[in-house]
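Participant: The structure's right below; bear with me while I get my questions together.
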Amino acid sequence: MSDAVIYDRGYRSYDGPVGGRSTTRRAIVADGIRRILGLRRKTRRKLLPWALLSLAMLMAGIVVGLHFAAGSISAAIAEGLPQYAELFDLFSRLALLFIAVTGPELIGPDRSQGVLSVYFSRPMTVGDYLAAKLAAFVSVTSLIYLVPQLALHLGLASLSADGFLAYLGGHLDIPWKIAAVSLAFIAVHGGVLAVITSYVDRTGFAAAAFLGTIIAGRNLAEVVAEASFPGARWFSLLAFDDHPRYVRDWLFDSDVGGVYAPEAAGFGPWTSVAVIAGVGLGGALWMVQRYRRFA
Amino acid sequence: MDTIVSLADLTHDYGNHVALDHLDVAVPAGVTGLVGANGAGKTTMLRILLGLLHPTAGSVTVLGHDALADPLSVRAQVGYMPEGSALPKDQTAADFVAYTAQMAGLPSGDARRRASETLFLVGLAEERFRFLGDFSTGMAQRVKLAQAIVHGPRLILLDEPASGLDPDGRVQMLELIRRLGSFGINVIVSSHVLSDIESTCDYVVMLDAGRLVRSGPVVGSHSTSTVSVEIVGPADRFTSALAAAGVEYAVDRNAISVIADGDDVFDAIRDAAAASRVGIMRLERRSFTLEDEFLRRADV
């Protein structure tokens, strides 16, 4: 017979270091990133986000590779390849799908599964919770926009006949334009998603509603804006997805997407900037208002 | 005995419905039961203690902090186990409990260690790496309890912790709560099952439709019994004599229940019967449960 004894360690009070609300916010950001990417979740939760992220990185690699390959053959061929503005067009559609798939997962389950009652029993405010969720959302989503663009920027710099540093020095406007357009896409998509997910608990329904609002809403807004009743042109502002594209073409002085609904209705790019800011800020405030009842 | 929770003239209403009606309560350290029927105001009271709900009127002090002015200081020292579903299905128990510890300010390493320890304590050592969506109701209740204590709170608020459990699970959960009390954690546990409170708690706060019915030690009421008396003769003369002798009683159709606070209750009944010139037909001593007391005091 063994002499081993199982000791009941009982309960010991915690007397280690305890951080403040910033520790809490960091924990929520980290968990939010894990949730978006499906980390420490079942395999099926990882599939879509990682497939889309991998696709984005693969496409970025292909575009940069094409620039390298074309550059060694002919500068004229290289000029015909996607540049910054075109790359945004390509990746914003991928990002739209990524946001539709992962965004509702970030917010909806906490509410529908009743976990908020546990979370808000911790020393934090609604603002802490939502700000941390927003930080998680922005940090992952911006990867899809920023990584391919930065890869392209560095790739073009290394191909430049003027030399790497000379190219970077001569294109100092590119990084902030990339950041601004990325922010514009994230603000519009995030704002619309915030309003939808604050009402729709089921992640699949929320994703469908989001894509419907962005894609079908754009077409509907364009049609209504062209109607002849007074004030119809204002409906063009509901073509949410056109605003960041309009701003992108304005900043990069390109003509990737042709004429956008707000542009066709006679609105300038600054109006689109205001709409982007309004949708992003409005979505955030809407969310705060909806979550006040929890804490 | 230290007071851990103090309510003064606490009132809360949801429009026309008064959930809490001018409560004045001082809860001492230890394990306290919050008793009342469904809708009595228990959950409302717990949410107010956490500062999650702002009462219509009154003041609330929890562990020396004003819960209305400084709710975050209260929540830093309190754990809460809500009623009903409150777990993310796609996380493991260990990840979830560690995450809630981090939300309370614990560093990542400490949070994971504490999560393992508390899950061990609640009997989920083997299951801690399973996803919560695969847990039974009993296991889920244990995880909810683990997250309530993982950050080492001075007080935990448990809202119907035995709800939905089978008899075995119920006994085990109550045993766990008793153990937590023995570890020096202050506990306020709400339940509508009075026998659970009776077997678990040192102190009881009874609510009925938002009103305070009674607050006091469970032991006091538990040791009390009643004597059921059936008499021959006018009941009003007999009850007047009992009242004159300072004996507490309740009239229940044919019988009069006399609260037996001590051994001399039979002498008091005899003297009252003699004074009021009624005959005693039957005398029967009954144990007096919290349920009896609740029914007697709550006018139900």
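Read-outs throughout are calculated quantities, based only on the coordinates presented, and are distinct from any laboratory measurement. Because the structure is a prediction, the values reported are computed rather than measured. Positions of Cβ are generated from backbone atoms using ideal geometry, with glycine treated the same way; all protein chains shown enter the neighbour counts.
Participant: Compare the Cα positions of A:ILE215, A:GLY108, A:ALA60 along the charge dipole of chain A (+1 at Cβ of Lys, Arg; -1 at Cβ of Asp, Glu; about the Cα centre) and return the one farthest towards the positive end.
Facilitator: Of the listed residues, the answer is A:GLY108.
Participant: Calculate, in nm to one decimal, what B:ARG237 and B:ASP9 gain on full extension: separation in residues at 0.36 nm each, minus their alpha carbon distance.
Facilitator: 78.2 nm
Participant: Now for a separate question. Using mean Cβ contacts within 10 Å as the protection proxy, how do A:105-116, B:264-275 order, highest first?
Facilitator: A:105-116, B:264-275
Participant: Take every residue in peptide B:172-185, count the Cβ atoms of other chains within 10 Å of its Cβ, and give the average of those counts.
Facilitator: Partner-chain Cβ atoms within 10 Å, mean over residues of B:172-185: 1.
Participant: Please name which of B:GLN147, B:PRO217, B:SER163 has its Cα lying farthest along the dipole of chain B towards the positive end, using unit charges on Cβ (Lys, Arg +1; Asp, Glu -1) and the Cα centre as origin.
Facilitator: Projecting each Cα onto the dipole axis, the largest value belongs to B:GLN147.
Participant: A further question on this structure: Residues with beta-carbon under 13 Å from that of B:LEU63, excluding B:LEU63: net charge, scoring Lys, Arg +1 and Asp, Glu -1?
Facilitator: Its environment carries a net charge of -1.
Participant: Mind checking the log10 I(q)/I(0) for the stretch A:184-238 at q = 0.13 Å⁻¹? Debye, one equal scatterer per Cα, no solvent, two decimals.
Facilitator: Taking Cα atoms of the stretch A:184-238 as identical point scatterers yields -0.39.
Participant: Considering the convex hull of the alpha carbon atoms of the stretch B:1-107, report its projected area averaged over all viewing directions, in nm², one decimal.
Facilitator: Numbers: hull surface 33.5 nm².
The directionally averaged projection comes out at 8.4 nm².
Participant: Then there is this: Run the dipole for chain B about the Cα centre, Lys and Arg Cβ at +1, Asp and Glu Cβ at -1, nothing else charged, and hand back the magnitude in debye, nearest 20.
Facilitator: Details: 26 positive and 38 negative charges, 97 e Å.
My answer is approximately 460 debye.
Participant: Please report, in whole Å, how far the alpha carbons of the stretch A:5-95 spread along each principal axis, starting with the longest.
Facilitator: 77, 31, 24
Participant: Now for a different question. For the stretch B:205-213, take each phi angle, set θ = phi - 60°, evaluate the Karplus expression 6.51 cos²θ - 1.76 cosθ + 1.60, and give the result in whole Hz per residue in order, putting x for glycine and proline.
Facilitator: 10, 9, 10, 9, 6, x, 9, 6, 8
Participant: Right, something else. Average partner chain C-beta neighbours within 10 Å, per residue of B:69-81?
Facilitator: The per-residue average across the peptide is 3.
Participant: Between A:SER121, A:SER158, A:SER236, find the one with the highest GNM mean-square fluctuation for chain A; connect C-alpha pairs within less than 10 Å.
Facilitator: Among A:SER121, A:SER158, A:SER236, the largest mean-square fluctuation in the Gaussian network model of chain A belongs to A:SER121.
Participant: Assuming a viscosity of 1.002 mPa s and a temperature of 20 °C, what translational diffusion coefficient in µm² per second does Stokes-Einstein assign to chain B, Rh being the Kirkwood radius over Cα pairs?
Facilitator: 101 µm²/s
Participant: Among A:TYR246, B:SER190, B:ILE177, whose Cα projects farthest towards the positive end of the dipole of the protein assembly as shown, with charges put on the beta-carbon of Lys, Arg (+1) and Asp, Glu (-1)?
Facilitator: Highest projection toward the positive end goes to A:TYR246.
Participant: Using only C-alpha positions, report the orientation-averaged shadow area of the convex hull of the protein assembly as shown, nm², one decimal.
Facilitator: Average of the hull's projected areas for the protein assembly as shown equals 40.4 nm².
Participant: While we're looking at this one, here's another question. Taking H placed 1.01 Å from N in the peptide plane, check which residues at least 5 places from B:LEU34 or on another chain put their amide H under 5 Å from its amide H.
Facilitator: Distant-sequence amide H within range of B:LEU34: B:VAL189, B:SER190, B:SER191, B:VAL205.
Participant: Can you give the Rg to Rh ratio for the stretch A:169-295, taking only C-alpha atoms and Rh from Kirkwood? Provide the component values of the computation, followed by the final result.
Facilitator: Details: Rg = 16.0 Å, Rh = 15.6 Å.
Ratio of gyration radius to Kirkwood radius: 1.03.
Participant: Viscosity 1.567 mPa s, temperature 4 °C: give me the Stokes-Einstein translational D for the stretch B:162-226 in µm²/s, with Rh taken as the Kirkwood radius over C-alpha pairs.
Facilitator: 101 µm²/s
Participant: To continue, here is another question. Can you list the residues, at least 5 places off or on another chain, whose amide H is less than 5 Å from the amide H of B:ILE4, using H built in the peptide plane?
Facilitator: Hits under the 5 Å cutoff: B:VAL27, B:ALA29.
Participant: Okay, next question. Near the amide H of A:GLY19, under 5 Å away, which other amide H atoms are found, from residues 5 or more places off or on another chain, if H is placed in the peptide plane?
Facilitator: It is B:LEU106, by chain and number.
Participant: Restricting things to alpha carbons, find the Rg to Rh ratio for the stretch A:128-182 using the Kirkwood radius for Rh.
Facilitator: On the way: Rg = 14.6 Å, Rh = 12.6 Å.
For the stretch A:128-182, the value is 1.16.
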